[in-house]
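Asks: Dumping the structure here so I can ask a few things about it.
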Amino acid sequence: MAYCDYIAALPEGERRRLHQRYHDRDYGFPLHNDNELFGRLLLEINQAGLSWETILRKEAHFRKAYDDFDIKKVAAYGRTDRERLLADAGIIRNRLKVEAAIYNAQKILELQSAHGSFERWLESQHPLPLPQWVKLFKQHFKFTGGEIVNEFLMSIGYLPGAHSPDCPRFAEIAVQNPLWMQGDKS
């Protein structure tokens, strides 16, 4: 079921508005800010085993707990920060996910150093089929299985499928010419 259809099936109310906001302004729209790209990856990792609704409800807490997804700050987190995160009921208190966030921030710093930005590194890999993306992410990052990589890349405009062609957001995203619409540039 497409996310658009899922939202349409929800009864009117706060749950539907929560999903609708993410659908209408974030999901599938290209991101060009490395900290926001890192934040989206962090949220996707934390969603593993949980509902996306749980993550949407906690997004503001994640942003605050992880210093507005500032890659440099998160990469420098030490023991005190780990303990703080594991004690924060506003986020997902899973040691593996906390460790992955810090490790992944450190890896993104390395990619930025080598490629100029995390976004440029992502762009330099395009286009890859999903299995190759998953393999690549597993080589560089922690806690990045197939579903996490797929949703991350779809949510930032690298893979198709975020919206069906009859969804109004599809046309809005098409104007931004996301990478999945550009195909193979070689």
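The values are calculated or read from the model by the stated rules, or taken from the named source; none is laboratory data. Please read these numbers as outputs of a predicted model, since none were measured by experiment. Methodologically, a virtual Cβ is constructed for each residue, glycine included, from the backbone with ideal geometry; neighbour enumeration extends over all protein chains shown. What goes into the accessible areas is simple: the full protein's heavy atoms, side chains included, and nothing from ligands, DNA or RNA. Shrake-Rupley method; radii C 1.70, N 1.55, O 1.52, S 1.80 Å.
Asks: Probe radius 1.4 Å, ligands and nucleic acids ignored: give me the carbon and sulfur share of the accessible area of the range 41-186 as a rounded percent.
Replies: C and S fraction of accessible area: 51 percent.
Asks: Using Cα positions and a limit of under 15 Å, work out the aspartates and glutamates in reach of Lys64, with same-chain residues fewer than 8 apart set aside.
Replies: Counting by Cα, and skipping residues close in sequence, Lys64 has these aspartates and glutamates nearby: Glu36, Asp81, Asp88.
Asks: So, one more: Quick check: pseudo-label points 7 Å beyond the Cα along Cα→Cβ at Lys72 and Tyr103, how many nm apart are they?
Replies: Distance between label points: 2.5 nm.
Asks: Moving on. How high is the FRET efficiency between Ser164 and Ala89 when r is their beta carbon distance and R₀ equals 45 Å, given to the nearest 0.05?
Replies: The formula returns an efficiency of 0.80 here.
Asks: Moving on to the next point. Which distance in Å, rounded to a whole number, links the C-alpha centroids of the range 1-30 and the range 31-50?
Replies: First find each Cα centre; the distance between them is then 18 Å.
Asks: Extending each Cα 7 Å along its Cβ direction at Lys64 and Tyr6, get the distance between those two points in nm, one decimal.
Replies: Here the modelled spin labels are 2.6 nm apart.
Asks: Can you figure out the FRET efficiency of Arg82 with Leu130, using R₀ = 35 Å and their beta-carbon distance, to the nearest 0.05?
Replies: The value I calculate is 0.65.
Asks: How many Å² of accessible area per residue for the range 21-177, probe 1.4 Å?
Replies: Heavy-atom SASA per residue in the range 21-177 reads 47 Å².
Asks: Between Lys142 and Arg17, how high is the FRET efficiency from 1/(1 + (r/R0)^6) when r is the Cβ-Cβ distance and R₀ = 35 Å? Nearest 0.05.
Replies: Between Lys142 and Arg17 the formula returns 0.55.
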